[in-house]
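Okay, so here's the structure we're looking at.
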Amino acid sequence: MQRVTVAFEYPVTYTRDTFAPENSALLDALTRLEPGRRHRAFVVIDRGVADGQLGIRDRIAGYFAAHAARVSLVTPPVVVVGGEEVKTTPEHLASMLQQMHDLRLDRHAFVIVIGGGAVLDMVGYAAAITHRGVRVVRLPTTVLSQADSGVGVKNGVNAFGKKNYLGTFAPPYAVIADEQLLESLTPRERICGMAEAVKVALVRDAAFFGWLTHRAEALRRNDDPADLRHLVRTSAELHCTHISTSGDPFELGSARPLDFGHWSAHKLESLTGHRLRHGEAVAIGMALDALYSVDSGLAPPSVAGAVIDTLERLGFTLWDDELDNTELFDGIDEFREHLGGELTVTLIEAVGRGREVHELRRDLVERARDWLRTRARSAA
């Protein structure tokens, strides 16, 4: 029996104004293992970030010029389209691979990707399959990516009408979460990212969920930047703790406990042509699964009430007409296929405590869906 053990370690750094020349966070990340080497870097920026953070390309160029003895840009920063389009349209991946080839990136070069979760996913996948792995430094720029996906070990693109059908597990070389990059987000983008914080609180941390409930309206209005910082860091820490201590960081088994609400969310994203953003679809999925948890006898009615109340006060709409599409139920089989083995879905038995089940009864899913429809119509 041959055994191969590989330990992965990467820093997650919180900072502000990464590209100020006096800020050493990025330089430290790039040189942490080989301080005596001059490192080559390819910078890719989400178009939404480039548009919202005026002058960011000049600031990046200035940063590398200030530290030219230790780091260099292989080309001026490249801007790519953001959102699910960059993961869904194959030409974007092909273009990124072509650029990495033409720039002759090697396995000791760096790809620095600045953007939301979709851009991090696509560029990270391209880097992972170039020379079997070019080093990636992520600068997530949305609440969702700083609080969840940007600190994890997955990347990928959509294919065959399925979310993340192609992808790899590839831990980043480093993650830098810059709070300044969140300041140009629209209210919709900011609120979307909070869904994953609610999710991880519901399955892992009752106290954090209580804080989210208490601060829901203030978070929706963005009253205090300290609240958003606390949400991002606490959510990221809970996700990182799971990845590092679960014993299954690359999901070799059939369970994904941090995917509460996701079986229907992934399908809703596809059915709506990504009109629903990931966080919005996850919020609906959590409401659906919270109601299912109650109707199946797993959780008391107060749990669903707390979930729905908190999500609505954060600003989420918990109904979409695509919930009536019979193809929604295909999401159950697609979820099973994506995991492999038997169906394993995380529900909740109490706030802060998840429970894995291996069957979803269609009649109870329909009952939960019908309740959400009735609530939405009565509120209209």
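The values are calculated or read from the model by the stated rules, or taken from the named source; none is laboratory data. Owing to the predicted nature of the structure, the values given are computational and were not obtained by experimental measurement. Methodologically, a virtual Cβ is constructed for each residue, glycine included, from the backbone with ideal geometry; neighbour enumeration extends over all protein chains shown.
One table, with the values for the structure above:
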quantity: Qualifying residue in the range 317-329 (condition: in contact with a strand residue (DSSP E or B) (Cβ under 7 Å, 6 or more places away or on another chain) and either of a type in the set (Asp, Glu) or not assigned by TED's automatic domain parsing to the domain that holds Phe260 (or both)); calculated: no
quantity: Qualifying residue in the range 332-346 (condition: touching a helix residue (DSSP H, G or I) at 6+ places or on another chain (Cβ under 6 Å) and among the small types (Gly, Ala, Ser)); calculated: no
quantity: Criterion violated by Arg277 - all others in (1) farther than 23 Å from Glu334 by Cβ; (2) in contact (Cβ under 8 Å) with a residue 60 or more places away in the chain satisfied; calculated: (1)
quantity: Tally of residues being surrounded by fewer than 21 Cβ atoms within 10 Å (Cβ to Cβ), closer than 16 Å to Arg373 by Cβ and of a type outside the set (Asp, Glu) across the range 282-317; calculated: 2
quantity: The range 305-316, residues that are under 24 Å from the mean Cα position of the chain (by Cα) and of a type outside the set (S, T, N, Q); calculated: Ala306, Val307, Ile308, Asp309, Leu311, Glu312, Arg313, Leu314, Gly315, Phe316
quantity: Among the residues listed as Gly352, Gly279, Gly305, Gly285, the single one being at pLDDT 95 or above and touching a Cys at 6+ places or on another chain (Cβ under 9 Å); calculated: Gly279
quantity: The range 344-380, residues that are part of a loop (DSSP other than H, G, I, E, B) and farther than 23 Å from His239 by Cβ; calculated: His358, Glu359, Leu360, Arg361, Ala380
quantity: Residue list for the range 187-217, filter: β-branched (Val, Ile, Thr) and touching a residue at least 60 places away in the same chain (Cβ under 8 Å); calculated: Ile191, Val198, Val203, Thr213
quantity: Filter result (assigned to a strand (DSSP E or B) and surrounded by 24 or more Cβ atoms within 10 Å (Cβ to Cβ)) within the range 112-135; calculated: Ile112, Val113, Ile114, Gly115
quantity: Lone qualifier among Ala29, Ala94 - being of a type in the set (Gly, Ala, Ser) and surrounded by 14 or more Cβ atoms within 10 Å (Cβ to Cβ); calculated: Ala29
quantity: Close pairs (7 angstrom Cβ cut-off, 6 or more residues apart or separate chains): acidic (Asp, Glu) in the range 218-229, outside any loop (DSSP other than H, G, I, E, B) and surrounded by 12 or more Cβ atoms within 10 Å (Cβ to Cβ) anywhere; calculated: Asp224/Ala218; Asp227/Ala218; Asp227/Leu219
quantity: Single residue of Gly341, Gly331 found to be of a type outside the set (Phe, Trp, Tyr) and in a loop (DSSP other than H, G, I, E, B); calculated: Gly341
quantity: Complete set of residues in the range 36-86 that are within 20 Å of the chain's Cα centre (by Cα) and over 16 Å from Pro140 (Cα atoms); calculated: Glu85
quantity: Hits in the range 9-26 - residues which are more than 13 Å from Tyr173 (Cβ to Cβ), buried (at least 17 other Cβ atoms within 10 Å of the Cβ) and either of a type in the set (Phe, Trp, Tyr) or in contact with a Cys (Cβ under 7 Å, 6 or more places away or on another chain) (or both); calculated: Phe19
quantity: Residue count, the range 62-107 (criterion: among the hydrophobic types (A, V, I, L, M, F, W, C) and in a loop (DSSP other than H, G, I, E, B)); calculated: 6
